[in-house]
Amino acid sequence: MEQLLERFLSYVAVETQAKPQARHVPSSEGQWTLARQLQEELLALGFVDVTLSDHCCVMGTLPANVDWPTPVIGFISHMDTSPDFTAKHVNPQIIEDYRGGDIALGNGNEVLSPVMFPVLHKLIGHTLITTDGKTLLGADDKAGIAEIMTAMAQLADSDTPHGAIRVAFTPDEEIGRGTSHFDVEAFAADWAYTIDGSDLGEFEYENFNAASATVKIVGNNVHPGSAKGVMVNALELANQFHAAVPAGEKPQYTDGYEGFYHLHQIKGSVEHAEMLYIIRDFESESFEQRKQTLLQIAAEINKTLHPDCSVTVEITNSYRNMREKVEPFPHIIDLALQAMRDCGIEPVVKPIRGGTDGSSLSWKGLPCPNIFTGGYNYHGKHEFASLNIMAKSVEVIVRLSELAAQKKD
């Protein structure tokens, strides 16, 4: 656990926040800094075929230590942190043997409270790593990186039988570009796992189908004193459009396998307005129906407008549910669940209400479910990680590697 903590603290000290406005990959210079650090660490561990691509993807191979044929499995985590909250000068706090109750974050008024975050009740006795209330932590996904590296160090320094293992660390996952330049053929694994989940035992091989919708509204602005019968207020049309979106199908009212529409940005004036929605659903049929719903709302509004005014909807697909690409290979799922049980962990199989690099990688031909890390409350100042659960993730990675190499009769 000491080495695991040391690695994690060294990784979160590197600012790797993704920048959505950037047009290049990686979107931030700090990701290059961490990538080069990881490249050097892999070489020091005895990895071979260690590469750093032109787009900041680190790959390497831990050679097999058995002389029989084995599948090549991979483990993947991303280096960037979320753009949702500042990641400058991350200053982690270490709380050993957590006794319960509120945790003061730094010297300010911020606290990490079990009243707001009840998961803390089941982490009594754990070593917790929190923020100082001024930044995010970066457990998403530097906890995953630390766990992969620690597991690989254990395998490299032990007689635990394993086949060839590929690892990869990707950039810009948080802004949906992490796998845009990922060379699946060069990675050359039979399958892989992203280490990018949260609570103990979480295992995920389903995720949302995702799309974004841009609603562009053209109104007609005239002086309000002579507006009768002439003015068309684009902002009011935006209100009309949003009122027609199914009221109960929004993030704050949904859970589990329920999809949603999420209005996450709106701007405009009387003349022009623009709304940005994200669309999410697990099932392909209902996902397509959600897109049609937004198009139909626009069509109905347009029937009432002068030809010079309009509401248009532009839809862009983001990622798809990995289930379709993972389920045909049940051994990938079964192996991970067995590894968890062998480590004394009861698996919690659940859908991802979001996406990971694994979803796009699965559709690129690399089946890639997701495994827990022990991080919580991602993307904000209340983010924290349990070192105890991080250590269990290391155990699972090591056991998974061993199971995958078991000689078949």
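The ratio of the alpha-carbon radius of gyration of the stretch 44-170 to the globular-protein estimate 2.2 N^0.38 Å is 1.36.
When the chain is treated as a GNM with alpha-carbon contacts under 10 Å, the residue of T16, T194, T316 showing the greatest mean-square fluctuation is T316. The relative contact order of the stretch 355-409 comes to 21 percent, based on Cα pairs under 8 Å that sit 6 or more residues apart. Taking Cβ atoms as reference points and 11 Å as the exclusive limit, the residues near P161 contribute a net charge of -2, counting Lys and Arg as +1 and Asp and Glu as -1. For the chain, the antiparallel share of DSSP beta bridges with both residues in that region comes to about 75%. For the chain, the relative contact order is 23 percent, taking Cα pairs closer than 8 Å that sit 6 or more residues apart in sequence and dividing their mean separation by the residue count. Just checking the listed ones, V270, V66, V215: in the Gaussian network model of the chain with Cα springs under 10 Å, the one fluctuating most is V270.
Our summary gives the stretch 234-301 a relative contact order of 31 percent, counting only alpha carbon pairs under 8 angstrom and 6 or more residues apart.
Tell me the net charge near L112. Cut-off is 12 Å between Cβ atoms, L112 excluded, with +1 for each Lys or Arg and -1 for each Asp or Glu. Before the final figure, lay out the partial values.
Working: positive: K381; negative: D102, E110, D132, E383.
Result for the local shell: -3.
Listed peptides 392-404, 237-249, 107-119 appear in the order 392-404, 237-249, 107-119 once ranked by packing, highest mean of other Cβ atoms within 10 Å at the front.
Within the shell defined by Cβ-Cβ distances under 9 Å, the residues around N91 carry a net charge of 0, with Lys and Arg each +1 and Asp and Glu each -1. If you model the chain as an ellipsoid using its alpha carbon gyration tensor, with each semi-axis the square root of five times an eigenvalue, the axes come out at 42, 25, 20 Å, biggest first.
Residues in the chain average 45 Å² of solvent-accessible surface per residue, probe 1.4 Å, ligands and nucleic acids excluded.
Report in % the part of the accessible area of the chain that belongs to carbon and sulfur, leaving out ligands and nucleic acids; probe 1.4 Å. Mind showing how you got there, number by number?
Details: 9000 of 18230 Å².
Here carbon and sulfur together make up 49 percent of the probe-accessible area.
Can you tell which of L305, L128, L38 shows the greatest fluctuation in a Gaussian network model of the chain with Cα springs below 10 Å? Answer for the Gaussian network model of the chain: L305.
Between E2 and S113, full extension at 0.36 nm per residue minus the direct alpha carbon distance yields a gain of 37.4 nm. Among the listed pairs K88/K142; K291/K364; K19/K88; K216/K267; K325/K364, those with a Cα-Cα distance over 19 Å are K291/K364.
The values are calculated or read from the model by the stated rules, or taken from the named source; none is laboratory data. Bear in mind the structure is a predicted one, so any value in this text is a computation, not a measurement. Here the Cβ is made from the backbone with ideal geometry for all residues, glycine too, and neighbour counts use every protein chain on show. The accessibility values were calculated without ligands, DNA or RNA, using every heavy atom of the protein model including side chains. Shrake-Rupley method; radii C 1.70, N 1.55, O 1.52, S 1.80 Å.
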